[in-house]
1. Which number in (1) within 26 Å of S75 (Cα to Cα); (2) more than 18 Å from the chain's Cα centre (by Cα); (3) not aromatic (F, W, Y) marks the one condition that D222 misses?
2. Only one of P142, P152 is in a loop (DSSP other than H, G, I, E, B) and either assigned by TED's automatic domain parsing to the domain that holds V240 or among the small types (G, A, S) (or both); which?
3. So how many residues does the range 118-139 have that are assigned to a loop (DSSP other than H, G, I, E, B) and buried (at least 24 other Cβ atoms within 10 Å of the Cβ)?
4. When you look at E178, is it closer than 18 Å to G119 by Cα and in contact (Cβ under 8 Å) with a residue 40 or more places away in the chain, yes or no?
5. Within the range 68-106, how many residues are surrounded by fewer than 12 Cβ atoms within 10 Å (Cβ to Cβ) and either in contact with a Cys (Cβ under 9 Å, 6 or more places away or on another chain) or acidic (D, E) (or both)?
6. Need the failing condition index for V213 against (1) assigned to a helix (DSSP H, G or I); (2) surrounded by 14 or more Cβ atoms within 10 Å (Cβ to Cβ), just the number.
7. Tally the residues that are at pLDDT below 80 and either assigned to a loop (DSSP other than H, G, I, E, B) or closer than 15 Å to D133 by Cβ (or both), restricting the search to the range 54-89.
8. So which pairs qualify, if the first residue must be in the range 148-171 and more than 10 Å from A194 (Cβ to Cβ), the second must be of a type in the set (F, W, Y), the Cβ gap must be under 8 Å, and the two must be at least 6 apart or on different chains?
Amino acid sequence: MSRSELVTRPRGPDVDYAMGDPGCEFCGGLGRVKLIVPVDDPRFGKMLNCPRCGHVGRHERRIAFFEKHRARFLSCTVTRPEQTFATFNTRDVSPAIRKAYRAAQAFAKEPRGWLVLHGPPGTGKSHLASAIDHACGPDAHPERPSLCLVMPDLLRLLRSGFDSGDHDELLDFCLNVELLIIDDMGTESATPWAQQTIFQITNYRYNRALPSVFIFNGEVDDFDPRIASRLKDRALSTIVSVYGDDYRARRRA
């Protein structure tokens, strides 16, 4: 197969750049090609993995990476099997908690942009994080990997990559995962590495408008101004201040 028999993937906002071999004569580093074949050929118009550099598409690589390390990711998850939308207690709750419940359901039906839930502890925010992950995470949609972690565990997961030799792969997965749910932002250690990593993740996903859920106690302005300004961007974020009676006490009642 010669280079003249191939057409590289057209450029555009949905292109996975630089996932192939940069020196590849077929794909030029894009990793995907389109065959020039007759219109009745079943391969006509389809994007294929580059036959020269053996590229696997970015999405397929993320799925494979998640499956390979599923146990490792699940050991860090805060998703609990009993915390679903069906088990969320909406009886005698404040309007703010009911609004957060509706916003979480809407996001789970169509994960787009960012959902930001904040307020005092004990108002059911973590339950909603689990519910979103149940509704649109890998168990419900194997083709759409997701992560649902508290921020300290996310940083601990990334640190483990320095010892296991796969830090860059872990970071790339966290940056690009189809859905990222982070609970307890702001409870991590304030080391320069942690602060830079948090900014790197939020800024990367902000620039690409990747579906994300951020949950924390307190106010948005408690964060680094660079992160706060991104969280408060109403063009991307749905922000709900979740105030009300202690959810854990209601659940026990």
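The values are calculated or read from the model by the stated rules, or taken from the named source; none is laboratory data. Only a predicted model underlies this, so the values are computations on that prediction, with no experimental measurement involved. Cβ: placed from backbone, ideal geometry, glycine included. Neighbour counts: every protein chain shown.
1. (1)
2. Values: P152 fails: in a loop (DSSP other than H, G, I, E, B).
Result of the check over P142, P152: P142.
3. Residues that pass the stated criteria total 2.
4. Working: closer than 18 Å to G119 by Cα: no; in contact (Cβ under 8 Å) with a residue 40 or more places away in the chain: yes.
Criteria not met by E178.
5. Matching residues across the range 68-106 total 2.
6. (1)
7. 4
8. L157/F73; E169/F65
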